[in-house]
1. Along the range 116-125, what does the Karplus equation 6.51 cos²θ - 1.76 cosθ + 1.60 (θ = phi - 60°) give for ³J(HN,Hα), rounded to whole Hz, x for Gly and Pro?
2. Taking 0.36 nm per residue of sequence separation and subtracting the Cα-Cα distance, how much length would be gained by fully extending the chain between LEU145 and GLU194, in nm to one decimal?
3. How many nm separate the modelled label positions at HIS262 and ALA41, each set 7 Å beyond the Cα in the direction of the Cβ?
4. Between ALA290 and ARG275, what is the label-point separation in nm under the 7 Å Cα-to-beta-carbon projection?
5. Full extension from HIS315 to LEU218: what is 0.36 nm times the residue separation minus their Cα-Cα distance, to one decimal in nm?
6. For the range 48-79, list residues with backbone N below 16 Å from a point placed 7 Å from the Cα of GLU19 toward its Cβ?
Amino acid sequence: MQPLWRRFVPAATPLSLRERARSALGAMLGILVTGALAAWALGPTTALPFLIAPMGASAVLLFAVPASPLAQPWSIVGGNLVAALVGVSVAALVHDPILAAALAIAGAVGSMMALRCVHPPSGAVALTAVLGGPAIHDLGYGFVLWPVGVNSLLLLAAALLFNNLTGRPYPHPGIAPAPGRTDPVAAPLGFSGEDLDAALEDFDQILDVGRSDLEAILRQAQLRATRRRSGQTDCAAIMTRDVVAIAPHAPLMDALALLRRHHIKVLPVTDESARVVGIVTQTDLLDKAAWDRRGPRLGLLRRLRLTAARGRAPHGSVEDIMTSPVVTLRPDSPIGEVVLQMSGLGLHHLPVVGPDDRLVGIVSQGDLVAALLTDATRHQAEVPTPRMLAPA
């Protein structure tokens with residue numbers, strides 16, 4: 001009996017009481033605002049409906065699962081309008097209500113899929129256009145604008161306001177890597193964006209989660225699995241200890257000279273006590289400095305911006321182009337934590353500091369990938385090889 005019950009009841013996603021209350025309150029306010037404004041606009045003497053039942057289902061999506069692709073603005077507005085158009089058209093052409101209802105649903109689903117505005121409550125909109133009775137039929141194509149169009153826009157406006165005020169970005173932006181970002185653990189972890197696209201094509205069904213969100217969830221799960229498997233290895237075991245650093249007031253030419261002399265790509269910036277105050281990279285020199293025959297210097301626009309921000313003129317030193325504050329690690333930080341930091345922030349190097357916040361080393365992508373490959377090789381070696389039994 002229990003396995004049968006599990007097949008009918010979906011596994012619940014961990015959800016806090018606060019989020020449940022937020023969703024319920026949002027749905028209540030959304031319907032209240034939509035109904036009140038529509039009733040006020042119509043006035044007390046009209047016979048027109050001020051609120052249609054499918055808006056209740058739309059409210060569930062917009063306020064309870066605002067990250068769903070089925071709940072985005074184009075989904076509710078486009079889906080409801082398309083379904084209303086199809087429903088009114090079918091009702092005018094087909095007089096048998098059962099056949100008309102079936103054709104209206106089929107046409108609405110097909111149209112929404114073609115226009116990328118699938119919104120489940122829109123199926124109820126199409127049925128309402130067919131089975132809503134004389135009051136709806138008398139509206140004709142006016143039903144598309146009122147109440148469907150107006151209700152959809154009012155509910156959408158309420159969702160835009162409420163979700164964003166309560167910490168749920170809406171429309172849902174999705175999760176995308178920063179431009180030019182290189183995932184330091186993409187190869188060891190296994191799959192690429194192209195692999196995911198191919199898998200979704202093979203799956204060949206609509207998922208109630210955005211493609212970018214799905215990829216982010218899968219990668220986060222992989223990263224956490226990597227952190228768990230490599231929990232015994234820490235930064236002290238893989239970091240480079242002989243670190244070349246530079247002072248914040250050093251000229252830009254000194255930074256360039258150090259990068260070239262030591263064939264490195266990054267310089268931690270430290271104060272007199274060896275505490276990390278910033279980091280400067282090859283990219284900083286290329287993007288934030290102007291170049292002439294003598295080397296890097298500060299351009300006019302950057303000088304003006306720095307002067308306005310600091311209240312004093314810059315001197316063309318490392319502090320004028322360095323990144324600050326800096327994400328740092330501890331020697332006992334597990335390399336799984338390094339994976340999460342580098343992948344999550346798109347970083348290539350992370351300084352390692354001691355208990356007194358003084359620089360003791362640096363971890364690079366190369367150090368991390370080498371450690372992950374070593375761990376993978378060790379785990380593979382620890383797996384017992386199946387023995388072949390000789391035939392009797």
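Coordinate-derived values only; no laboratory data. Since the structure is predicted, the reported quantities are computational estimates derived from the model, not experimental observations. So basically every Cβ, Gly included, is an ideal-geometry build from the backbone, and we count neighbours across all protein chains shown.
1. Ordered by residue, 3J(HN,Hα) equals 6, 9, 5, 9, x, x, 5, x, 5, 5 Hz.
2. 13.5 nm
3. About 6.6 nm separates the two model spin labels.
4. Here the modelled spin labels are 3.5 nm apart.
5. Here the segment from HIS315 to LEU218 would lengthen by 30.3 nm.
6. 61-69
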